[in-house]
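A short worksheet on the structure shown next.
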Amino acid sequence: MRRWIWMSGLWVAGICGVETLTAQVKRDTLVRRDTVVSKIEEFADLYGELMAYNEAYGPLFSWEELNLLPAYDSTADAWLDPYVKLWRPGQAEPFRLAELVRRGRQLVLFRTKSASGTDWNPSASMFYRFSSANRLQWGLTLDHDAGEPLFSQGIWIDFISFHLQLNQIGRWRRIVAGDYTVRFGQGLVAWNGFSMSGLGPVQNLRRSEMGLTAYTGSNEYMFFRGAGATYEWGRIRATLFGSSKKVDARITADGFTSLLRTGLHRTATELERRRNLGEYIAGGNISLRLDRIKIGCTALGYTYDHKNATTIRADNRYQSRRQPFGSLGIDGLAVWGDWRVFGEWAVDARAQMAGIFGVLWDGGDGLEAGLLYRNYGKGYTAPFSGAYSRNSRPFNEHALTGSFECAWMRWRLLFSGEWCYFPWLRYNVGAPSQARRAMIQLSRNIGRNGLYYIKLDYRYTESGSRLPLVLSDRYGSRLHVQYGKGGDWQFSHRLEYCLLYSSDQKPPAGGAALLSDAIYAPKQFPLSGSGRMAIFRTKDWSTRIYAYERDAMQGFSFPPLYGYGLRGYLNLRYTPNRRFDFWLRGAMTRYLSAKHPSAPPRPVAPYGNPTSNFSLGIRGRGAVFLQSPNSEPVAGKDSGISIQAVEFH
């Protein structure tokens, strides 16, 4: 079989000039600049001869054919090796562990958070990551929540997570060990991790399968712990995985009554329930991938080392408590012209079924549409699933969701709607119920640097543990204006209003918020930042308004605004050179009314007493120089060391 030769972009850049070439070298191989400059002319001659040879005789079969080129010298082997790779068509570049380790990048992140008025025992997290060319990855996570014992009571640190991931080793597409996540099909059988809501842009209707991936988060529940591997043979992929870990639970003499997913271990009771239940999982997936069709099958089984003694209520009476238990699903995707049809059908060990099916259409020029249908049986049990659902898991739901997008000139229209029917009782809902939601957004570009949009949102819900159910209609509206995009300064303003009609209260409740943001990002100045000022007023917690906020280290948050008050924040970033970044963030909320809003998730601050937080972030990057055989310093890897110490309240 003929072998193809891959030449890095360095050779093309070598013809264009010194600056382009050295920039490419710094990013890829980081060799010394003086060595690059001395080899540019030689590279240009060799590149030209190679292209002429390929045109006359075809692709190279072996490295030895380079000897047929007049400009090639055997002494250049060491120089050419980083840029010339030979392998069979359709296969990945050979997996060379030593080279991947040498050329990898590292990241270390430290984060801490403390609260005033409590004993000094702040939360702290440390993340270490190593990655190389998307082929090799490993990392370590240490996490400690505020109030948890540290280096005491037999606990060194509350949560420790390690992961290792290898990609493209011959026919082995991926190998993972330690902590990892599993995402197959549309999520009816195996899917742990966060997912986007299906309501919104058309592409949100379909889950994108990711298979096995290393787990890099700090959530103490949403992962598997063990090992898994994916083997690829032609158009067939086969995956096997297994997990064994301890989880938090309430355990009695009859068995475990509930699983605890907060990850908090502060009090004596929480410590007693810390990782006291064994969880064991095994599963796999096999798929056939053709040019326009993909068909897959996923199976997962699980058990615990204690009997399931969950309290039987009216809403969960049809959920299975058997052990061991599991489910099997078949998923598919077909592409035909502008159409994509996808779906998954699943059945558990008690023959309870669930299905999700959808179709997407891309008409080009910004015209898209999609429809998603869900039919989840009230007895379908799959605790490790993650399919789109209005419930916490895919069961007891019949629903239809649709989205439509179109663009014309500078205008763009997005419409999305959803209807859900729940044929059996839900948690805190004492009868079969339904829910509806619709959203329409019209946006228009203003020149090259501006944008504004109007968004209208409607939600209908039925709730209440007693009859008659409480019927609620919530109407929301938003006007957003943004300008200055691409310049040193960027501004945006938003006015948001909501109105809630409920059958158990009169008159209706309302809420409003006015927010103004500014972003300063000069191209030639080391200081940048962003800030916001907001004023809000809502009747109670039910009319709260969520507002996206930028945070330090490219983080973000969605704090709820409720009651009557002011909120502002300021982010600053200072980059004195390419090795260091400094972040500084401050935020404050001040309530202007002595009457507190009802039913907040946590107590609000007294009238006139502001709640504030302060954040500081530091990231440093350093080059690690490697030694060549002649002991001269040559290219090192950018280790990307990062440190973040943040948030004092």
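The values are calculated or read from the model by the stated rules, or taken from the named source; none is laboratory data. Model, not experiment: these values are computed from the prediction. Every residue, glycine among them, receives a Cβ derived from its backbone with ideal geometry; neighbour counts consider all protein chains shown. The accessibility values were calculated without ligands, DNA or RNA, using every heavy atom of the protein model including side chains. Shrake-Rupley method; radii C 1.70, N 1.55, O 1.52, S 1.80 Å.
So the values come out like this:
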item: Per-region count, the range 179-226, residues within 27 Å of Asp338 (Cβ to Cβ), open to solvent by 30 Å² or more (accessible area, probe 1.4 Å) and not basic (Lys, Arg); result: 9
item: Residue ID - nearest to Gly370 (Cα to Cα), chosen from residues in the range 385-395 that are touching a Ser or Thr at 6+ places or on another chain (Cβ under 9 Å) and not small (Gly, Ala, Ser); result: Tyr388
item: In the range 362-397, the residues that are of a type in the set (A, V, I, L, M, F, W, C) and either outside any strand (DSSP E or B) or modelled with pLDDT of 95 or more (or both); result: Ala369, Leu371, Leu372, Ala382, Phe384, Ala387, Phe395
item: The range 145-195: number of residues that are more than 17 Å from Pro383 (Cα to Cα) and among the polar types (S, T, N, Q); result: 6
item: Residue ID - least open to solvent (accessible area, probe 1.4 Å), chosen from residues in the range 314-350 that are under 18 Å from Gly377 (Cβ atoms) and basic (Lys, Arg); result: Arg321
item: The listed residue being open to solvent by 50 Å² or more (accessible area, probe 1.4 Å) and touching a residue at least 24 places away in the same chain (Cβ under 8 Å), out of Lys506, Lys539; result: Lys539
item: Matching option when the condition is hydrophobic (A, V, I, L, M, F, W, C) and over 25 Å from Trp408 (Cβ atoms), among Leu456, Leu471, Leu479; result: Leu471
item: Contacts under 6 angstrom Cβ, first residue in the range 212-233 being acidic (Asp, Glu), partner assigned to a loop (DSSP other than H, G, I, E, B), 6 or more apart; result: Glu220/Gly263; Glu232/Arg171
item: Filter result for Val359 (among the aliphatic types (A, V, I, L, M), crowded, with 17+ Cβ neighbours inside 10 Å, in a strand (DSSP E or B) and more than 27 Å from the chain's Cα centre (by Cα)); result: no
item: Hey, Ser218 among the hydroxyl-bearing types (Ser, Thr, Tyr), at pLDDT 95 or above and either touching an Asp or Glu at 6+ places or on another chain (Cβ under 6 Å) or in a strand (DSSP E or B) (or both) or not; result: no
item: Any chance Arg173 is under 18 Å from the mean Cα position of the chain (by Cα) and surrounded by fewer than 23 Cβ atoms within 10 Å (Cβ to Cβ); result: no
item: The range 466-486 residues that are more than 25 Å from Leu499 (Cβ to Cβ) and charged (D, E, K, R), paired with ones that are open to solvent by less than 70 Å² (accessible area, probe 1.4 Å) and assigned to a loop (DSSP other than H, G, I, E, B) (beta carbon under 8 Å, 6 or more apart); result: Arg466/Gly430
item: Enumeration of residues in the range 415-439 that are open to solvent by 70 Å² or more (accessible area, probe 1.4 Å) and either more than 19 Å from Leu471 (Cβ to Cβ) or outside any strand (DSSP E or B) (or both); result: Phe415, Tyr427, Asn428
item: Members of the range 363-374 that are crowded, with 17+ Cβ neighbours inside 10 Å and without any contact (Cβ under 8 Å) to a residue 40 or more places away in the chain; result: Arg374
item: Exclusive hit being open to solvent by 40 Å² or more (accessible area, probe 1.4 Å), modelled with pLDDT of 90 or more, on the phi < 0 side of the Ramachandran plot and among the aliphatic types (A, V, I, L, M), set Ile295, Ile281; result: Ile295
item: Test result for Ser152, over 30 Å from Met439 (Cα atoms), without any contact (Cβ under 8 Å) to a residue 12 or more places away in the chain and hydroxyl-bearing (Ser, Thr, Tyr); result: yes
item: Scan of the range 252-278 for residues that are in a strand (DSSP E or B) and either under 25 Å from Val189 (Cβ atoms) or open to solvent by less than 60 Å² (accessible area, probe 1.4 Å) (or both), ordered by number; result: Gly255, Phe256, Thr257, Ser258, Leu259, Leu260, Leu277, Gly278
item: Pair list, Cβ < 7 Å and 6+ apart or interchain, from the range 267-281 residues that are of a type outside the set (Gly, Ala, Ser) to residues that are in a helix (DSSP H, G or I); result: none
